[in-house]
Amino acid sequence: MVDFGAYGRENDRRLPPPSRLPDTNPSDYPEMPYGVVADDAFPQEVYMWKPFPGRCTGLMPRSWMIYIYRARRTIENAFGIMAARWRVFLKSIPCHPKNVKHVVLAGVVLHNFLSVADPRYADETYGDRYHNGRLLAGHWRQDISERDISTCCFQDMASKIGKNASYAAKDVRDYQMKYFNNEGIVPWQEEYFTEHE
């Protein structure tokens with residue numbers, strides 16, 4: 001799904017209503033809001049899924065952070081592969097703002113179609129991937145040269161340090177962490193952390 005929506009907070013109203021996490025007891029978990037994956041550049045909000053600030057210790061917070069990093073890696077792969085293949089996405093798009101939406105949507109449609117229809121577009125080594133719990137960088141990162149990176153529109157943002165999250169936002173993150181370490185656990189999770197302790 002690609003939805004340009006509206007600017008900033010105006011778009012928050014367009015998220016689906018909260019719902020129950022799969023296989024949960026209503027007395028143990030409240031309805032959870034849908035959200036977006038974010039990093040430290042954004043303050044913690046109720047609708048954001050982001051890692052704990054600073055260095056994490058303990059099995060539950062660390063495994064929660066792995067989920068978030070994997071989700072972010074998937075998003076970075078999609079945009080990275082698309083930018084490596086369609087160079088128009090490596091800098092500001094040179095057209096009128098009302099047409100940028102059409103350029104981006106066309107890029108997403110072409111990316112999704114070619115990912116399925118043409119194995120040469122992005123084979124299994126082109127995107128970042130995990131092998132035995134270890135991250136291997138994708139070839140798209142090499143295809144974006146140093147010159148392109150210096151002018152790239154996908155650049156790191158500064159962290160928003162100093163703004164404390166609301167209690168509601170922290171509660172949502174804690175419930176999500178609890179869920180993904182109990183009902184939502186994946187088979188490799190405990191073994192991975194036992195090996196890397």
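Under 12 Å from the Cβ of Gly107, count the other residues' Cβ atoms, weight Lys and Arg +1, Asp and Glu -1, and hand me the total.
Numbers: positive: Arg85, Arg87, Lys101; negative: none.
Charge balance near Gly107 sits at +3.
Counting Lys and Arg as +1 and Asp and Glu as -1, what is the net charge of the other residues whose Cβ lies under 12 Å from the Cβ of Met82? Numbers along the way, then the final one.
Values: positive: Arg85, Arg87; negative: Glu76, Asp143.
Here the count lands on 0.
Counting only residues 5 or more places away or on other chains, whose amide H sits under 5 Å from the amide H of Phe42 once H atoms are built in the peptide plane?
Distant-sequence amide H within range of Phe42: Lys160.
Multiply the residue gap between Val88 and Asp171 by 0.36 nm, knock off their C-alpha separation, and tell me the result in nm, one decimal place. Please report the intermediate quantities before stating the final value.
Working: separation 83, 0.36 × 83 = 29.88 nm, distance 4.06 nm.
The span from Val88 to Asp171 would gain 25.8 nm if fully extended.
Quick one: which residues, 5+ away or cross-chain, put their amide H under 5 Å from the amide H of Met32? H built at 1.01 Å from N.
The list, which skips near neighbours in sequence, is Ser19, Arg20, Leu21.
Please report Ser63, Ser19 as a ranked list, fewest other C-beta atoms within 10 angstrom at the top and most at the bottom.
If I rank by nearby Cβ atoms, fewest first, I get Ser19, Ser63.
Where a number appears in this text, it was derived from the coordinates with a stated rule and is not lab data. What you see is a predicted model, and the numbers here were worked out from it, not measured in a lab. Glycine gets a Cβ as well: all are built from the backbone with ideal geometry, and neighbour counts include every protein chain shown.
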